[in-house]
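**Student:** The structure under discussion is supplied below as structure tokens; questions concerning it will follow.
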Amino acid sequence: MTNKPLFWLLFLSYLALATIISLLQWLPLWANLGVGLLGVIATTLFVSKRISNPLSELQQITQNLAKGEFKNQFPWSESSEISHLVTSLSDMATQLEDRFTTIVSERNEKETILGSLTDGVITLDTDSRIQTINHSAALLLDKPITQLHQQTIMEAIRNVDLQNFVHNLLKIQFSTPQSPDSLIIECGQRTLQVQGTSILDTKMQVSGALIVLHDLSPIKQFDAIRKDFVANVSHELKTPITLIKGAIETLEDPSLTPDENSHFLKMAKTHASRLDLILEDLLNLARLEQNKSEIQKETRTAGELLTKAVQLCQPLLDEKHIEITTTGDPEIPLHCNAPLLEQALINLIKNAIQYSESPKIALEVQAVNDRINLTIQDFGVGIAPEHLPRLFERFYRVDKARSRQSGGTGLGLALVKHIIQAHHGNIEVQSVKGEGTQFKINLPKGA
Amino acid sequence: MQKHLDRELQHLKQHLILLSTLVEDNFSHAIKAFREMDTLATETVISRDQDIDKMEIKIEEECLKLLALHQPVARDLRFIVTALKINNDLERIGDLAVNIAKCANFLSQMQKIDTHFHFSTIIEKTQTMLKKSLDAWVNLDTKLAYEICAMDDEVDELKRQQEKAITQRIQEFPAETELLLRFLSVSRHLERIADHTTNIAEDVIYSVDGDIIRHHNTPAQ
């Protein structure tokens, strides 16, 4: 492109020169003309070098800028007009680059903020089409973000209330910004709280809507657990109290025989101690929850702990003629709060005794790297799989009639879990119905 | 002109989605009425069905207007024809939901009987089918649509089992016949709803691919 005019210039000058040389011998006037022509050609060449070339380079640079390439080599020119142009163009390029960087970083910042929010954020245009949507919103709606983009909100969530809600948000005209309304909807498995605000443009007309989705499912679940707990506590405390009250009321009757008297006294005593046990366990749990990080620790061997726990359970074992076998290395040292861990082991062993249907319970100690595994295995009735996830909840009972009859407080396993957690360990349960249950405690040695 | 048509088609789709949302919601209410014998839910279903009917007429008029004004061809034509058919199916599902709610209302006034007709499976299947068919329509997802066609047979089988169980019970306890017939109706209505969702799925496939797969239910090669 740039060489074309030059070529023509050279071609013309060649022609001119040829003519001049052939004509010079005839007429001196023509010679003068020829010299003039030569001068013109020289000027043309000079101008082309000084002006055309830098201009065409500048044109290339502006094209680059339009494409977003900011790193360019600006041409140098002796001509002051062109050098002014070059300077202002280079200033413009620098400014453009600055603005561009700002826009990109602002956009990234906005995207990062939206992306790291746990609440879902969606903006809609006036046709209720999704304009922006963050990652959390897509997760809450359980659909890929690419599919949701540019869909209308009705396509994304089919819900009558939400449709009316969005319709109202987009309908308001000439309004002042208002406090966000909210609505609770069911979406798949989730309960979502939806908050919405109209987006206004410079003329204060609605140009879209902002919708924030907040997942209420965990709160709802938590609330259900809390309600269960309160109901359970009241029930568990009420039962012995009712029985004690009944026994005392009967004792007020003067016509009772001494035998009957002692029967009811014994009944009151049994249930009073049961009440005491429940309260004791509840208090222990509360204490553990409060001072989880501050329990006193000392170093013991696993064998010592197990022997002590088994000793304390011995009367129960003798009663049911059950033998406990311990395998593994009992000399493994363990940094722990001995009374608490013993309590946990006792609870688990008592549990095993209660549900055991064979004359054997197996304990196992095993060191794996810097952690230690304690396994308590019984060969009893086993637990159905649907109960396993809730086994460590307070007052959760697999067989309601049986465990209360055998004197459990319903808090034993909850206490075990909290003790293990206080030692930064975890506990797992595996069970096969009809074959037995295995509790596996995993503790760090230096906990 | 094409731009106008495109915009009108978008509006048509939005209206149909609105209708489908109403129908889906009404069906869930009908199920609630039946499961929990909730008379309040029955009333909601019946009153909302009037909105559904009005909307169906509006959408049908819209489709006819588009056909007359724009004389669309190919994909656009298929889209409008599909919309007309889905519109019809949705309205029928709405009516069947009302029928279920009415049965529930009747049953709630009668003495409860101890039945083991396992309605939960067929209800869940039908609900899933309705939801998936509408999802397939919204996203024009033919893969999902084929899934629904396959599910229809399962619902038919469940209905057959229930029919058998109910017939047997009628023979054992003829005094309960009136009551048991309602259970039979509910079972039949559910199966009909599943059929309509299958229709919707087939229409989605027609709209996207132009294949008519009715009566053989397999993807055309």
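**Student:** What is the one condition in (1) assigned to a helix (DSSP H, G or I); (2) touching a residue at least 24 places away in the same chain (Cβ under 8 Å) that A:Gly208 does not satisfy?
**Tutor:** (1)
**Student:** Filter the stretch A:406-428 for residues that are crowded, with 17+ Cβ neighbours inside 10 Å and either part of a strand (DSSP E or B) or among the polar types (S, T, N, Q) (or both) and give the result.
**Tutor:** Keep residues of the stretch A:406-428 that are crowded, with 17+ Cβ neighbours inside 10 Å, which gives A:408-420, A:422-423, A:425, A:427.
A:Thr409, A:Ile427 - these are the residues of the stretch A:406-428 that are crowded, with 17+ Cβ neighbours inside 10 Å and either part of a strand (DSSP E or B) or among the polar types (S, T, N, Q) (or both).
**Student:** In the list B:Leu18, B:Leu77, B:Leu69, B:Leu64, which residue meets the criterion of being within 14 Å of chain A (Cβ to nearest Cβ) and either under 23 Å from the mean Cα position of the chain (by Cα) or free of Cβ contacts under 8 Å to residues at least 24 places away in the same chain (or both)? Lay out the reasoning, then the answer.
**Tutor:** On the way: B:Leu77 fails: within 14 Å of chain A (Cβ to nearest Cβ); B:Leu69 fails: within 14 Å of chain A (Cβ to nearest Cβ); B:Leu64 fails: within 14 Å of chain A (Cβ to nearest Cβ).
Going through B:Leu18, B:Leu77, B:Leu69, B:Leu64 in turn, the sole match is B:Leu18.
Residues checked against (1) assigned by TED's automatic domain parsing to the domain that holds A:Asp201; (2) farther than 26 Å from B:His29 by Cβ; (3) touching a residue at least 40 places away in the same chain (Cβ under 8 Å):
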position: A:Thr123; (1), (2), (3): yes, yes, yes
position: A:Arg129; (1), (2), (3): yes, yes, no
position: A:Thr132; (1), (2), (3): yes, yes, no
position: A:Ser136; (1), (2), (3): yes, yes, yes
position: A:Asp142; (1), (2), (3): yes, no, yes
position: A:Leu148; (1), (2), (3): yes, yes, no
position: A:Met154; (1), (2), (3): yes, no, no
position: A:Asn159; (1), (2), (3): yes, no, no
position: A:Gln163; (1), (2), (3): yes, no, no
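**Student:** Identify all residues within the stretch B:99-156 that are within 14 Å of another protein chain (Cβ to nearest Cβ) and free of Cβ contacts under 8 Å to residues at least 12 places away in the same chain; write none if there are none.
**Tutor:** The initial filter retains those residues of the stretch B:99-156 that are within 14 Å of another protein chain (Cβ to nearest Cβ), namely B:124, B:127-128, B:130-141, B:143-144.
Once the filter is applied, which keeps residues that are within 14 Å of another protein chain (Cβ to nearest Cβ) and free of Cβ contacts under 8 Å to residues at least 12 places away in the same chain, the stretch B:99-156 yields B:Glu124, B:Asp135, B:Asn139, B:Lys143.
**Student:** List pairs: first in the stretch A:241-269 and in the same structural domain as A:Leu279 (by TED's automatic domain parsing), second of a type in the set (S, T, N, Q) and surrounded by 13 or more Cβ atoms within 10 Å (Cβ to Cβ), Cβ under 7 Å, 6+ apart or cross-chain?
**Tutor:** Correct list of pairs: A:Leu251/A:Asn261; A:Phe264/A:Thr250.
**Student:** Given the conditions (1) within 30 Å of A:Ile419 (Cβ to Cβ); (2) at pLDDT 85 or above; (3) among the acidic types (Asp, Glu), which single one is not true for A:Asp281?
**Tutor:** (2)
**Student:** Within the stretch A:112-125, is there a residue that is at pLDDT 85 or above, within 30 Å of B:Lys13 (Cα to Cα) and within 14 Å of chain B (Cβ to nearest Cβ)?
**Tutor:** Within the stretch A:112-125, one or more residues are at pLDDT 85 or above, within 30 Å of B:Lys13 (Cα to Cα) and within 14 Å of chain B (Cβ to nearest Cβ).
**Student:** When you scan the stretch B:145-157, do you find a residue that is within 23 Å of the chain's Cα centre (by Cα) and of a type in the set (Gly, Ala, Ser), even just one?
**Tutor:** First pass over the stretch B:145-157, keeping only residues within 23 Å of the chain's Cα centre (by Cα): B:145-157.
Still in the running and of a type in the set (Gly, Ala, Ser): B:145, B:150.
Yes, some residue in the stretch B:145-157 is within 23 Å of the chain's Cα centre (by Cα) and of a type in the set (Gly, Ala, Ser).
**Student:** Still on this structure: Every residue in the stretch B:22-32 that is in contact (Cβ under 8 Å) with a residue 40 or more places away in the chain and either within 7 Å of another protein chain (Cβ to nearest Cβ) or in contact with a Lys or Arg (Cβ under 7 Å, 6 or more places away or on another chain) (or both), please.
**Tutor:** Listed by number, the residues that qualify are B:Leu22, B:Glu24, B:Asn26.
**Student:** Sticking with this one: How many residues does the stretch A:130-173 contain that are within 14 Å of chain B (Cβ to nearest Cβ), outside any helix (DSSP H, G or I) and over 28 Å from A:Thr112 (Cβ atoms)?
**Tutor:** Of the residues in that region, 2 qualify.
**Student:** Follow-up question, since we're still on this one. Anything in the stretch B:47-56 that is surrounded by 18 or more Cβ atoms within 10 Å (Cβ to Cβ) and more than 10 Å from chain A (Cβ to nearest Cβ)? List them, or say none.
**Tutor:** Of all residues in the stretch B:47-56, those surrounded by 18 or more Cβ atoms within 10 Å (Cβ to Cβ) come to B:48-49, B:52, B:55-56.
B:Asp49, B:Ile52, B:Met55, B:Glu56 - these are the residues of the stretch B:47-56 that are surrounded by 18 or more Cβ atoms within 10 Å (Cβ to Cβ) and more than 10 Å from chain A (Cβ to nearest Cβ).
**Student:** Another question, if that's okay. Among the listed residues A:Asn64, A:Asn108, which satisfies the condition of being touching a Lys or Arg at 6+ places or on another chain (Cβ under 9 Å), in a helix (DSSP H, G or I) and not assigned by TED's automatic domain parsing to the domain that holds A:Leu139?
**Tutor:** Sole residue among the options that is touching a Lys or Arg at 6+ places or on another chain (Cβ under 9 Å), in a helix (DSSP H, G or I) and not assigned by TED's automatic domain parsing to the domain that holds A:Leu139: A:Asn64.
**Student:** Here is a list of conditions, (1) more than 10 Å from chain A (Cβ to nearest Cβ); (2) touching a helix residue (DSSP H, G or I) at 6+ places or on another chain (Cβ under 9 Å); (3) under 30 Å from B:Leu69 (Cα atoms), and B:Asp38 meets all of them except one; can you say which number that is?
**Tutor:** Evaluating B:Asp38 over (1) more than 10 Å from chain A (Cβ to nearest Cβ); (2) touching a helix residue (DSSP H, G or I) at 6+ places or on another chain (Cβ under 9 Å); (3) under 30 Å from B:Leu69 (Cα atoms) leaves (3) as the failure.
The values are calculated or read from the model by the stated rules, or taken from the named source; none is laboratory data. None of the values given here were measured: they were computed from a predicted structure. Positions of Cβ are backbone-derived with ideal geometry, glycine not excepted, and every protein chain shown enters the neighbour counts.
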